[in-house]
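A.B. asks: Handing you this structure, nothing more for now.
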Amino acid sequence: MKTFRFIGMALLAVVMCANFMACSSDDEEPTKNDDGIITNQKRLVELTETNGHDTNTWSFSYDSKGRLISIVEKDYDSSNSDITNITWGENTITESSDGESITYSLTDGLIRTGSETDGTNYSFAYNSSKQLTTYQYSDKYDSNSITLTWENGKVTKTAYEDDEPSQITYSNQTCKGYFPLMALMVEDDFKVMLAHPELIGMRVTQLPSQINSKDDYEENKDELTYTFNKDGYVESSTVVNTRIYTNPSQDLNGDGIITDDEKGTQNTDTSTTTYTFKWE
């Protein structure tokens, strides 16, 4: 059910935003209903991703209680639409699309576990401030986990098992509402969390300005800039990714000597992706 693509390495953990100056001191505190979702702020109704000449669009619909009930995805190269339906039960949320489904179970307004029809299982752990600290998933072939480090209400590091952590730095911007791409930095297939990030403890107000990740052969740097609407909600986010990768040295002829022609080379790629958001 993979759907979204986002910056750098996994992009793992972003954070919500809006211009610091756009938020007044008398903003209302977020209030939640019995389903654990915020009801007194604007809702995300459309997300558009543009990369080069390619544009993908997701449209979000809600019920009378403000709960996300569907996402309609339209790819740049298709006239067809993919629809994800969301069903709310008692402490459960089910996402269904193309004959597959994921059911999440909640306790105290937070998603704790998930189960997919293909046998994949998910679990979520939180700190005392109800912020997501570990996301784990496993199927019959593999398992992995992502850990998040929080400092002063900000996610500053994220890491897969055995990988070096991504380092996240911030500007002095904060926001009204939230930054919708936050959840995708943990898992690029999160859907209901795009509309309700509070369900995984990630509805925060700080704005990341840079994300850095690297491994033995590759380094990624993502630089993020933003625009805001008149109410202080994020209107667009532009992500410039710089990827530096090294082709390793290889003894191609097997003579035990690495010649100049067999030595590794370093390459740099740059790409820009723009995300736009509509709120109601």
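A.B. asks: Out of segment 136-181, which residues are surrounded by fewer than 21 Cβ atoms within 10 Å (Cβ to Cβ) and of a type in the set (A, V, I, L, M, F, W, C)?
C.D. replies: TRP150, ALA159
A.B. asks: Let me ask something else about it. Quick check on TYR76: is it assigned to a loop (DSSP other than H, G, I, E, B), open to solvent by 40 Å² or more (accessible area, probe 1.4 Å), touching a residue at least 12 places away in the same chain (Cβ under 8 Å) and over 24 Å from ASN40 (Cβ atoms)?
C.D. replies: yes
A.B. asks: If you don't mind, there's one more thing I want to ask. Looking only at segment 195-220, filter to residues that are in a loop (DSSP other than H, G, I, E, B) and among the β-branched types (Val, Ile, Thr); which one of those is surrounded by the fewest Cβ atoms within 10 Å (Cβ to Cβ)?
C.D. replies: This residue is THR205.
A.B. asks: In segment 87-99, which residues are within 20 Å of SER61 (Cβ to Cβ) and of a type outside the set (A, V, I, L, M)?
C.D. replies: THR87, TRP88, GLY89, THR92, THR94, GLU95, SER96, SER97, ASP98
A.B. asks: If you take the residues in segment 112-124 that are within 17 Å of the chain's Cα centre (by Cα) and open to solvent by 30 Å² or more (accessible area, probe 1.4 Å), which one is farthest from ILE200 (Cα to Cα)?
C.D. replies: Of everything passing the filter in segment 112-124, TYR122 is farthest from ILE200 (Cα to Cα).
The values are calculated or read from the model by the stated rules, or taken from the named source; none is laboratory data. Keep in mind it's a predicted model, so treat the numbers as computed, not measured. Neighbour counts run over all protein chains shown; Cβ positions are idealised from the backbone, glycine included. Protein only, heavy atoms only, side chains kept; ligands, DNA and RNA dropped before computing areas. Shrake-Rupley method; radii C 1.70, N 1.55, O 1.52, S 1.80 Å.
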